[in-house]
1. Okay, helix-only estimate at 222 nm for the chain: each DSSP H run of n ≥ 4 adds -39500 (n - 2.57), divide by all residues, round to 500 deg cm²/dmol; what do you get?
2. Taking Cα atoms of the range 131-178, Rg/Rh with Kirkwood Rh, to two decimals?
3. Compare ARG104, ARG182, ARG173 in a GNM of the chain, Cα atoms joined below 10 Å, and give the one with the largest fluctuation.
4. Say we join alpha carbon atoms closer than 10 Å with springs in a Gaussian network model of the chain; which of ASN34, ASN127, ASN183 then has the biggest fluctuation?
5. Using every alpha carbon pair in the chain, what percent of pairs falls into each 10 Å bin from 0 up to the bin containing the largest distance?
6. Would you work out the relative contact order for the range 48-116, in percent, from Cα pairs under 8 angstrom that are 6 or more residues apart?
7. Placing unit charges on C-beta atoms (Lys and Arg positive, Asp and Glu negative, everything else neutral), compute the dipole magnitude of the range 4-183 about its Cα centre in debye, rounded to 20.
Amino acid sequence: MPEKILLHTCCAPCSIAIVEELRGQCDLTVFFYNPNVFPEAEYLKRKAEVISYCTDWGVPMVDCDYGFEAWETKVAPVPQEEENGSRCSACYRLRLAAAAEYARNHGFDRFASSLASGRTKKSAVINAIGRTVGREAGLPFLEKDWKKDGRMERGYALVAERGIYRQDYCGCRFSLADRDRRNGRAAGQPDGGPADK
Ligand code: SF4
């Protein structure tokens with residue numbers, strides 16, 4: 001019987017090449033839990049892209065719904081001393097722990113995440129959190145550097161081919177404010193330039 005893997009998926013650009021690769025190798029399910037994304041319209045936009053390719057490829061997807069309050073309570077108050085700092089670690093942990101728990105409760109063999117495939121994300125940090133929450137849940141975390149072996153390039157190609165929306169900020173309200181500061185834009189104004197996470 002093929003191995004059952006649950007892939008926590010942050011967005012379509014980060015996950016599509018991973019899903020393309022894994023769907024032929026195992027019994028794959030995509031898990032969408034991203035209460036960090038703000039505002040809700042952006043959350044729905046990112047989720048719609050994941051639903052779209054999962055539907056086309058016949059890959060089952062678990063939609064955990066928004067749950068923004070969980071992020072506001074557990075992650076937003078954590079101080080961020082540097083880019084990719086403690087708040088980001090708490091944000092990864094919230095999402096990966098939910099994936100580990102779901103995977104354990106639904107008969108999966110392992111769980112994984114597309115989080116580390118983001119261009120600015122540190123695989124070592126995300127993999128360490130994956131290992132920890134996996135140990136706590138009693139389920140192994142599939143560890144890989146998803147940026148390697150041509151996967152990033154394949155992801156870019158699939159995004160271009162399918163015309164997938166590419167966001168230009170990580171997701172939370174803090175990263176949105178940073179994006180607006182960088183671009184000299186007043187908060188809340190629509191995107192103008194090319195997207196890059
Ligand atoms: S910057 Fe990204 S990883 Fe860090 S807290 Fe915000 S959404 Fe989460």
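We did not get these values from a lab; they are worked out from the coordinates using the rules stated. Just so we're clear, the structure is a prediction, and the values are computed from it rather than from any experiment. Neighbour counts run over all protein chains shown; Cβ positions are idealised from the backbone, glycine included.
1. Numbers: 7 runs with 94 residues, N = 197.
When only DSSP H runs of four or more count, the value is -15000 deg cm²/dmol.
2. Here the Rg-to-Rh quotient is 1.13.
3. ARG182
4. Among ASN34, ASN127, ASN183, the largest mean-square fluctuation in the Gaussian network model of the chain belongs to ASN183.
5. 9, 37, 40, 13, 2, 0
6. Here the relative contact order equals 17 percent.
7. Dipole magnitude for the range 4-183 comes out near 340 debye.
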